[in-house]
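Structure, as structure tokens:
The values are calculated or read from the model by the stated rules, or taken from the named source; none is laboratory data. The shown structure was predicted, so the numbers you read here are calculated from the model rather than taken from an experiment. Cβ atoms come from the backbone with ideal geometry, glycine included; neighbour counts cover every protein chain shown. SASA here: full protein model, heavy atoms, side chains in, ligands and nucleic acids out. Shrake-Rupley method; radii C 1.70, N 1.55, O 1.52, S 1.80 Å.
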Amino acid sequence: FRGLLFGLGTLCLRVRAFSQATDGPAHTDRRIWWRCASERARDTWNSVGVGGLVMSVCAKLFGGALLLVAGLGLGTSICRPLFSCWWQLHTLARLFTYLDGLLTYQQLTGAELLRRAVQDSDFRRLGIENCKTLAEIPIPRGADEALRSELQQELSHMAGQPHVVVCAAFRRMAGLCEDAAEQKRRQAEAARRLWPRLGMCAGALVAILVW
């Protein structure tokens, strides 16, 4: 065990000394430098002892693991807004489909439709509990600007329209939101495969540089 730790410590100290070798002349014989590095590693080993070297190696390994986990968390956090936007668009499409079904079989006003819809917890998470008219239904901020403009225009023109026209608009908006949600889902899946790995690679690179 002592021999294994001595070999690992010697290797770490040699690598560290190699990283500092650029300060010397470019024509320095590497064999001479390696002999000096070995002597320095032996002196360091004798000065710190087994316990000090074990603590040093364990601390570096623990720090490297923390950097890997931090990189993974950073990459995962980049994907979270895409998944949130996908859920909002998908739920908004469900809301429009639900309102279409209600209005098809019942002659309800916009406020009555919203009072029925707010009973669903998923619809409440969209922020419709304070809406008084259909035009106030919030559009997800992560949606494309063109889609946001089209949905807001459709909602603002529903007041005073026949129920058949409003139902057709609900179906059209549900289709638009579902298509946009599917696009966001594909983007989120691609980001989930890419960014966590890049984050771990970045953490590993930082761990190597600070080793």
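Structure data summary
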{"read-out": "Of the criteria (1) farther than 17 Å from T91 by Cα; (2) open to solvent by 60 Å² or more (accessible area, probe 1.4 Å); (3) among the charged types (D, E, K, R), which one E154 fails", "value": "(2)"}
{"read-out": "Residues of the range 118-136 that turn out to be more than 17 Å from A159 (Cβ to Cβ) and either open to solvent by 50 Å² or more (accessible area, probe 1.4 Å) or of a type in the set (D, E) (or both), as a count", "value": "8"}
{"read-out": "The range 137-151: number of residues that are open to solvent by less than 90 Å² (accessible area, probe 1.4 Å), of a type in the set (D, E, K, R) and assigned to a loop (DSSP other than H, G, I, E, B)", "value": "1"}
{"read-out": "Odd one out for T76, checked against (1) among the polar types (S, T, N, Q); (2) modelled with pLDDT of 90 or more; (3) under 24 Å from Q187 (Cα atoms)", "value": "(2)"}
{"read-out": "Those residues of the range 112-130 which are among the small types (G, A, S) and in contact with a helix residue (DSSP H, G or I) (Cβ under 9 Å, 6 or more places away or on another chain), in sequence order", "value": "A117"}
{"read-out": "Selection status of A65, modelled with pLDDT of 90 or more and either part of a loop (DSSP other than H, G, I, E, B) or farther than 20 Å from E189 by Cα (or both)", "value": "no"}
{"read-out": "Failed item, numbered, when I208 is tested on (1) open to solvent by 70 Å² or more (accessible area, probe 1.4 Å); (2) modelled with pLDDT of 90 or more; (3) closer than 24 Å to I78 by Cα", "value": "(2)"}
{"read-out": "Unmet criterion (only one of (1) in contact with a helix residue (DSSP H, G or I) (Cβ under 8 Å, 6 or more places away or on another chain); (2) among the hydrophobic types (A, V, I, L, M, F, W, C); (3) surrounded by 13 or more Cβ atoms within 10 Å (Cβ to Cβ)) for A159", "value": "(3)"}
